[in-house]
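**Q** I'd like to ask you about the structure that follows.
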Amino acid sequence: MSNRTYYKAIQKTFGPQGEHVVALIDRAHHLTPDEASALGAARDAALDVTWGAARDATLDAVDAAARHAA
């Protein structure tokens with residue numbers, strides 16, 4: 001397969017960012033166990049912050065609605 005054919009196939013499969021998608025997949029394939037652990041820890045921290053913020057915003061909105069209704 002020529003490079004031109006390869007890149008056209010990638011673009012058709014993954015869209016205009018196909019090269020970047022393939023590079024990301026390749027990088028993920030070569031992660032070390034330490035890198036995978038660090039990514040997992042970062043994901044967990046981000047989820048904790050996100051869920052906490054969403055919970056707080058929801059509780060604040062419910063509280064404000066209850067005060068307004070009363």
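**Q** Looking at Asp48, Asp56, Asp34, Asp26, which is the one that is modelled with pLDDT under 95 and open to solvent by 60 Å² or more (accessible area, probe 1.4 Å)?
**A** Exactly one residue qualifies, and that residue is Asp26.
**Q** Can you name every residue in the stretch 1-23 that is of a type in the set (Gly, Ala, Ser) and open to solvent by 80 Å² or more (accessible area, probe 1.4 Å)?
**A** The answer is none; no residue qualifies.
The values are calculated or read from the model by the stated rules, or taken from the named source; none is laboratory data. The model shown is predicted, which means the values in this text are computed figures rather than measured ones. Keep in mind that these areas ignore ligands, DNA and RNA; they rest on the heavy atoms of the full protein, side chains included. Shrake-Rupley method; radii C 1.70, N 1.55, O 1.52, S 1.80 Å.
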